[in-house]
Amino acid sequence: MVTLRAVIFDMDGVIVDSEPRHERAFREVFAAMGYAGTHGIEFQAYYGRSDRALWQDFVDRHQPPQPIDELIAWKQRRFLEILREDQPLFADAPGLVADLSASYLLALASGSLHPVIDAVLEMGGLRRFFPVIVSSQDVARGKPAPDIFLRAAERMGVAPGECCVIEDAAAGVEAARAAGMATIAITNSLPADRLARADHVVSSYSEIRALLLDRSRAACRQRPTRGQGISDTSTAGPRGPRGRMSPPAG
Ligand SMILES: [Mg+2]
């Protein structure tokens, strides 16, 4: 049994209701480029993935004159404008982050670029809760590769099996599974059946709170078929940021 010590948050679709706004920013840039009805991008397929992944497919398909880095920067500028106008934090997310920070090490692992991450964390006063922040910029391969979550665990100084990932996208769930981490998927962006490979699929932040903080239940336990189980805090001694440092029993 491995004690859960760290929680890694995805950002887009978990902390901030950004997926519709990413899509809006992409659509506006596509329209300005002359591809309003012909871009051919299925946005849901890119939830949880980096902007570069979407732009690379767009470039491969349409061969636009602009270099990909210019397209990435263009969409990001527009997205940041929309973000600052709308301030779309999920209402219950900041409270959950604050409460979990009292019992777990926290990290943010996002497919977004650092300027976007900075804007979101500034919006909610959330930066202080995330000593570790990893962007897809910082690793070789974005989700669904496990790199970003493994880097977050490494920087927190915990084993992958001691981490639980909170995700909203199928690519993120696959990345967390590939990293050997427990996963909770919240249905903010996709229906439950698209997230079924997560250990737990929930529709509210209170369910996440119950899974990770309710001492009365064996929370966030991995499925038996996944190998090692993960214990909740009920047997891990006193609460607190260092309250669950019992070593993994393997
Ligand atoms: Mg996401």
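Pull up the stretch 1-12, narrow it to residues that are in contact with a Gly (Cβ under 9 Å, 6 or more places away or on another chain) and within 16 Å of the ligand (Cβ to nearest atom), then point me to the one that is nearest to Arg155 (Cα to Cα).
The extreme case among them is Asp10.
Of everything in the stretch 13-43 that's under 22 Å from Ala107 (Cα atoms) and in contact with a helix residue (DSSP H, G or I) (Cβ under 6 Å, 6 or more places away or on another chain), which residue is nearest to the ligand (Cβ to nearest atom)? Step through it out loud before you land on a result.
Within the stretch 13-43, the subset under 22 Å from Ala107 (Cα atoms) is 13-19.
Still in the running and in contact with a helix residue (DSSP H, G or I) (Cβ under 6 Å, 6 or more places away or on another chain): 13, 15-16.
Numbers: Gly13: 4, Ile15: 9, Val16: 9 Å.
Going through the qualifying residues, I end up with Gly13.
Looking at Pro131, Pro115, Pro94, which is the one that is at pLDDT 95 or above, surrounded by fewer than 17 Cβ atoms within 10 Å (Cβ to Cβ) and more than 21 Å from Thr183 (Cβ to Cβ)? Steps first, answer last, please.
Working: Pro115 fails: at pLDDT 95 or above; Pro94 fails: surrounded by fewer than 17 Cβ atoms within 10 Å (Cβ to Cβ).
One residue alone meets the criteria, Pro131.
Just one of the numbered conditions (1) outside the structural domain of Ala192 (by TED's automatic domain parsing); (2) more than 16 Å from the ligand (Cβ to nearest atom); (3) not small (Gly, Ala, Ser) is not true of Tyr46; which one?
In the conditions (1) outside the structural domain of Ala192 (by TED's automatic domain parsing); (2) more than 16 Å from the ligand (Cβ to nearest atom); (3) not small (Gly, Ala, Ser), Tyr46 misses (2) alone.
Pull up the stretch 140-156, narrow it to residues that are in contact with a strand residue (DSSP E or B) (Cβ under 8 Å, 6 or more places away or on another chain) and not charged (D, E, K, R), then point me to the one that is surrounded by the fewest Cβ atoms within 10 Å (Cβ to Cβ).
First pass over the stretch 140-156, keeping only residues in contact with a strand residue (DSSP E or B) (Cβ under 8 Å, 6 or more places away or on another chain): 148-149, 151-153, 155-156.
Now narrow it down to the ones that are not charged (D, E, K, R): 148-149, 152-153, 156.
Values: Ile148: 29, Phe149: 29, Ala152: 30, Ala153: 27, Met156: 20.
Step by step, filter the stretch 140-156, then rank; the result is Met156.
So how many residues does the stretch 178-192 have that are without any contact (Cβ under 8 Å) to a residue 40 or more places away in the chain and not in a strand (DSSP E or B)?
At the first step, the residues of the stretch 178-192 found to be without any contact (Cβ under 8 Å) to a residue 40 or more places away in the chain are 178-180, 183-185, 187, 191-192.
Subsequent filtering for residues that are not in a strand (DSSP E or B) retains 178-180, 187, 191-192.
Total meeting the criteria: 6.
One line per residue, one yes/no per condition, for (1) assigned to a helix (DSSP H, G or I); (2) among the aromatic types (Phe, Trp, Tyr); (3) crowded, with 18+ Cβ neighbours inside 10 Å:
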| site | (1), (2), (3) |
| --- | --- |
| Trp55 | yes, yes, yes |
| Pro64 | no, no, no |
| Leu71 | yes, no, yes |
| Lys75 | yes, no, yes |
| Phe79 | yes, yes, yes |
| Leu83 | yes, no, yes |
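I'd like the residue in the stretch 93-134 that is farther than 21 Å from Cys163 by Cα and of a type in the set (Asp, Glu) and, out of all such residues, is farthest from the ligand (Cβ to nearest atom).
Looking at the filtered set, the residue picked out is Glu122.
Which of (1) under 17 Å from the mean Cα position of the chain (by Cα); (2) modelled with pLDDT under 95; (3) part of a helix (DSSP H, G or I); (4) not small (Gly, Ala, Ser) is the odd one out, the single condition Arg155 does not satisfy?
(2)
The values are calculated or read from the model by the stated rules, or taken from the named source; none is laboratory data. Computed from a prediction, not measured in an experiment: that's the story for all the values here. Cβ sites come from the backbone with ideal geometry, for glycine too, and all protein chains shown count toward neighbours.
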